[in-house]
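Student: I have a structure here, written as structure tokens, and I will follow up with some questions on it.
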Amino acid sequence: MNSIPYGRQHITQDDIDAVIETLQSDFLTQGPKVAEFEQAFASYVGASYAVAVSNGTAALHLCAMALGVNEASRVITTPITFVASANCVRYCGGTIEFADIDPATALLDIKKVRALLESKPKGYYTGIIPVDFAGNTVNLEEFRKLADEYGLWIIEDACHAPGGYFIDSKGEKQLCGNGNYADLAIFSFHPVKHIATGEGGMITTNDEALYQKLLLYRTHGITRDPQLLEENHGGWYMEMQELGYNYRIPDMLCALGVSQLKRADAGLARRRGIAKIYDAAFADVDGIEVLQTSLEALNTDGETGHAYHLYVIKVADRKGLYDFLRTHNIFAQVHYIPAHTMPYYRSQGFKKGDYPEAELYYSQCLSLPMYPSLTAEEQEFVIEKVKEFVG
């Protein structure tokens, strides 16, 4: 059996042709493909505005800047996420607090967040960054109610969940990143994600004022817009009005993103099909626990809003299974090492034992191969080897 990674990009001839066409055009960066990708992605998730940037971490950083995070800010997020979800607050000088996870779903536990908020006076905390971990969608309607009660903003980290959704209290689908409940949402286009541009990210919002800030911060804080200039010396003139960054994404990568987006729904359907096969295979196997889909991500007809960036199981001897699978060229992965246990965050005062559910989850979790081009034969081989080890 060939090497089977936990995730893999799928590049077609149409993707290659789109990039070549852009390479042969007049613009390699700051050209029309950027706006085309932004408009197509905003339409895909149902948001009013989208801003394409160099990567998902840059997207998080710009969101924190646009929301005014500073040394007085205190922001809550989950320890089970890639560290960028927390780091963006630190980039702006703010303080991160973690709240533990729901052990059934590995999502940020809203009850733990409420307890944290209730432990301090209103105004002590500034915002919340929930994460649609593994593609399992957070109930942002409930988080919005909580945020409004305490005067908080929300950044939805939806890197794992383009096309995912939850069902709101009215029975309606709420697509991840649509801006109906979160102030801002961010996505990543790393090769193992649903949409691959190599590196790349996107911010979506329904707030025009935040959108304008993001555009400014993305390009050094510089504007050429005649309506925004304090002075105007001529057609060449530009002004740096804020301290921004070079977080631009080139047109070649946006051309790839536009091409990939055209088959995003097909890729999502394939991921959900792979998950159903795993679910059936492991349903009655002692020693294997599958993460539950959040209840709000399940439709009455059995359809799921889970976007399945990852397929995570929990086993007692996680390292043993990890090593065993590698001997058979199956390269499963662990997502994630709890952020609060990283040396940097330990230096900020966190310690092992602070979030027991997150740490227990980490000791048992393993992400199995999950990507649209995974073949039936490869998946059956993965299932066979997992069962062989656990049995």
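The values are calculated or read from the model by the stated rules, or taken from the named source; none is laboratory data. The structure displayed is predicted, hence computed values, not measured ones. Neighbour counts run over all protein chains shown; Cβ positions are idealised from the backbone, glycine included. In case anyone asks, the SASA skips ligands and DNA or RNA and just uses the protein heavy atoms, side chains included. Shrake-Rupley method; radii C 1.70, N 1.55, O 1.52, S 1.80 Å.
Student: Give the carbon-plus-sulfur fraction of the accessible surface of the range 66-146 in %, rounded to a whole number; probe 1.4 Å, heavy atoms of protein chains only. Don't skip to the answer; put the middle values down first.
Tutor: Numbers: 1420 of 2660 Å².
It is 53 percent, rounded to a whole number.
Student: Amide H to amide H, which residues 5 or more places from Arg74 or on other chains are under 5 Å from it, using H placed in the peptide plane?
Tutor: For Arg74, the qualifying residues are Thr95, Thr126, Gly127.
Student: I would also like to ask the following. Calculated from DSSP H runs of 4 or more alone, at -39500 (n - 2.57) each and per residue, what is the 222 nm mean residue ellipticity of the chain, nearest 500?
Tutor: Rounded to the nearest 500, the figure is -11000 deg cm²/dmol.
Student: What whole number of Å gives the distance from the Cα centroid of the range 159-203 to the Cα centroid of the range 21-89?
Tutor: 11 Å
Student: Could you please state how large a percent of the accessible area of the range 250-391 is carbon and sulfur, counting protein chains only and using a 1.4 Å probe? Each step should come with its number before you reach the end.
Tutor: Values: 3450 of 6480 Å².
The computed percentage sits at 53.
Student: Give the angle, between 0 and 90 degrees and rounded to the nearest 10, that separates the Cα long axis of helix 140-150 from the longest principal axis of the Cα atoms of the chain.
Tutor: 60 degrees
Student: Indicate the gyration tensor shape class of the range 221-353 (rounded, prolate or oblate), computed on the Cα atoms with a ≥ b ≥ c the square roots of the eigenvalues: a/c under 1.5 is rounded; otherwise a/b larger than b/c is prolate and the rest oblate.
Tutor: Judged from the Cα gyration tensor, the range 221-353 comes out prolate (a/c at least 1.5, a/b above b/c).
Student: Report, by chain and number, residues whose modeled amide H sits under 5 Å from the one on Tyr311, excluding near sequence neighbours (fewer than 5 apart, same chain).
Tutor: Leu368
Student: Give me log10 I(q)/I(0) at q = 0.11, 0.23 Å⁻¹ for the range 173-252, Debye formula, one equal scatterer per alpha-carbon, no solvent.
Tutor: -0.41, -1.11
Student: Using a 1.4 angstrom probe, figure out how much accessible area the range 302-391 has per residue, in square angstrom, rounded to the nearest whole.
Tutor: About 43 Å² of surface per residue is accessible.
Student: Continuing with this model, one more query. Quick check on my link table: of Lys319/Lys352; Lys173/Lys213; Lys33/Lys173; Lys193/Lys262; Lys173/Lys314; Lys112/Lys170, which ones sit more than 22 Å apart, alpha carbon to alpha carbon?
Tutor: Flagged as over cut-off: Lys173/Lys213; Lys33/Lys173; Lys173/Lys314; Lys112/Lys170.
Student: Specify whether the C-alpha gyration tensor of the range 111-260 places it in the rounded, prolate or oblate class, a ≥ b ≥ c being the square roots of the eigenvalues: rounded for a/c under 1.5, otherwise prolate if a/b is larger than b/c and oblate if not.
Tutor: oblate
Student: Let me ask another. Please state, to two decimals, what the Cα-based radius of gyration of the range 126-167 comes to when divided by 2.2 N^0.38 Å (N = residues).
Tutor: Computed over Cα atoms of the range 126-167, the ratio equals 1.15.
Student: Could you tell me what percent of the DSSP beta bridges with both partners in the chain are antiparallel, to the nearest 5?
Tutor: In the chain, approximately 60 percent of DSSP beta bridges are antiparallel ones.
Student: Rounded if a/c is under 1.5, else prolate if a/b is larger than b/c, else oblate: which is the range 152-197, with a ≥ b ≥ c the root eigenvalues of its Cα gyration tensor? Walk me through the numbers on the way to the answer.
Tutor: On the way: a/c = 3.54, a/b = 1.55, b/c = 2.28.
It comes out oblate by the Cα gyration axes.
Student: As I understand it, the value is the acute angle between the Cα axis of helix 32-45 and the longest principal axis of the Cα atoms of the chain; what does it come to in degrees, rounded to 10?
Tutor: Once rounded, the angle reads 50 degrees.
Student: Projected area of the range 1-125, taken from the Cα convex hull and averaged over every viewing direction, in nm²?
Tutor: 12.3 nm²
Student: Can you give the FRET efficiency for Ile11 and Phe331, using 1/(1 + (r/R0)^6), R0 = 25 Å, r = Cβ-Cβ distance, to the nearest 0.05?
Tutor: Efficiency, rounded to the nearest 0.05: 0.85.
Student: Roughly what % antiparallel, to the nearest 5, for the DSSP beta bridges in the range 18-144?
Tutor: Around 10 percent antiparallel, to the nearest 5.
Student: Then there's this: For Cα pairs less than 8 Å apart in space and 6+ apart in sequence, what is the mean separation divided by the residue count of the chain, i.e. the relative contact order in percent?
Tutor: Worked out over the chain, it gives 23 percent.
Student: Between 0 and 90 degrees, rounded to the nearest ten: what's the tilt of helix 318-327 against the longest Cα principal axis of the chain?
Tutor: 90 degrees
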